[in-house]
Amino acid sequence: MRSRDIKRRVGIKRKLNGFRPGLVKDYFFKLCVLAVFLLIIGGIFSLLRPGIRVRVDADTVAAFRVPHRAIGMLRVYAARNGISFPELFAVFNAQNDFFPEKRAVYDLSAIERLYVSDFKRLSRQYNSRSIAPYIAMFESLFTEIEAFPIPAGWYEYDPSIMFGDSWGVEHNFQGNRMHMGTAIIDRENIRGRVPVSSMTRGTVREAGWDNNLGYFVSVVTENNTLYLYAHLDRIATGIAAGQNITAGQLLGQMGNSGGGRDGRSFPVHLHLAISPDVTFTRGNFWINPYPLLRYIENPTGF
């Protein structure tokens with residue numbers, strides 16, 4: 001029998017048995033198309049999936065009344081349980097509407113039970129796109145801050161250096177202005193006595209004189225967060241715009257310069273202000289440094 005006849009008869013037999021050449025390839029191709037389609041639909045659904053949207057007034061977020069001990073505790077718990085600390089901290093704040101009360105009171109003993117052990121369920125409640133900007137902000141702040149703005153060996157052992165939560169306090173000079181920072185005070189009130197250093201690595205954006213800020217230095221980090229150190233008595237030698245600096249590097253000496261025409265009319269102190277680069281509000285955004293400074297004092301919270 002000729003080979004051509006054999007092939008023809010085999011082909012007829014396959015057709016009769018319901019088998020066609022290339023049928024497996026056709027099914028495989030269709031399955032691939034279906035899988036891609038389902039992935040696309042799943043991605044769209046995950047973006048549009050319902051969930052709690054974080055709707056917090058920007059002023060409430062800026063006041064940042066979070067109990068400062070909770071920061072260190074959450075960081076320890078996050079490390080122990082393999083959880084992203086910025087994500088855990090964002091969920092913690094969102095669950096409490098960013099603590100709108102001026103003096104937030106919170107049962108710190110319940111943090112692990114309420115937030116860490118049930119973190120997966122809590123995090124799934126939130127619309128991922130709405131909470132992402134807060135996660136990004138906390139990730140920037142807690143990765144770039146490395147040092148207290150008063151050098152080691154001064155703040156820890158000098159009881160005359162103190163600070164409190166002065167966010168929102170009205171200024172009396174040049175009209176009523178809201179204080180958008182933290183005042184670190186030298187109770188000995190001696191200009192030039194206390195050194196001021198950078199909390200982060202970064203680049204000096206400005207260093208000079210301003211009628212309200214007095215002698216000041218502003219430092220911007222690679223995350224585009226701006227740190228402002230104002231009312232200095234003098235700026236350290238060599239500190240100038242464009243200079244790269246390290247965390248802990250000397251920026252100047254604490255003073256009471258500035259304040260408009262009534263220069264040096266207030267006590268010697270450092271005005272510290274922090275402006276993260278955020279997307280949840282427009283314009284310049286400043287956040288209360290107080291909980292961050294307390295966190296540096298006690299990184300574990302325990």
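Going from the residue with the fewest nearby Cβ atoms within 10 Å to the one with the most, Ser275, Ser128 rank Ser128, Ser275.
Which three semi-axes in whole Å describe the equivalent ellipsoid of the stretch 58-144, each the square root of 5 times a Cα gyration tensor eigenvalue, listed largest first?
Working: eigenvalues 61, 51, 35 Å².
The equivalent ellipsoid of the stretch 58-144 has semi-axes of 17, 16, 13 Å.
About its Cα centre, what dipole magnitude does the stretch 176-232 give when the only charges are +1 on Lys and Arg Cβ and -1 on Asp and Glu Cβ, stated in debye to the nearest 20?
On the way: 6 positive and 5 negative charges, 21 e Å.
For this selection, approximately 100 debye.
Between the beta carbons of Arg187 and Asp107, assuming R0 = 35 Å, the FRET efficiency works out to 0.55 to the nearest 0.05.
Fewest to most neighbouring Cβ within 10 Å: what's the order for His271, His68, His231? Before the final figure, lay out each step's value.
Numbers: His271 24, His68 20, His231 29.
Neighbour counts put them in this order, fewest first: His68, His271, His231.
With each label modelled as a point 7 angstrom along the Cα→C-beta vector, the Trp154-Asn224 pair spans 3.2 nm. With a simple spin-label model that places each label point 7 Å from the Cα along the Cα-to-Cβ direction, the separation between Thr60 and Glu297 comes to 2.7 nm. Could you calculate, for the stretch 213-302, the ratio of the Cα radius of gyration to the Kirkwood radius, expressed as Rg to Rh? On the Cα set of the stretch 213-302, Rg over Rh gives 1.00. Rounded to the nearest 0.05, the FRET efficiency derived from the C-beta distance between Arg234 and Ile52 at R0 = 51 Å is 0.55. Sites listed here are GluC sites (Glu not before Pro) in the stretch 156-254 whose DSSP assignment is loop and whose Cβ has at most 13 other Cβ atoms within 10 Å: Glu156, Glu188, Glu222.
No value in this document is a laboratory result; all are computed from the given coordinates. None of these values were measured; they are calculated from a predicted model. Please note: Cβ atoms are built from the backbone with ideal geometry, for glycine as well, and neighbour counts cover all protein chains shown.
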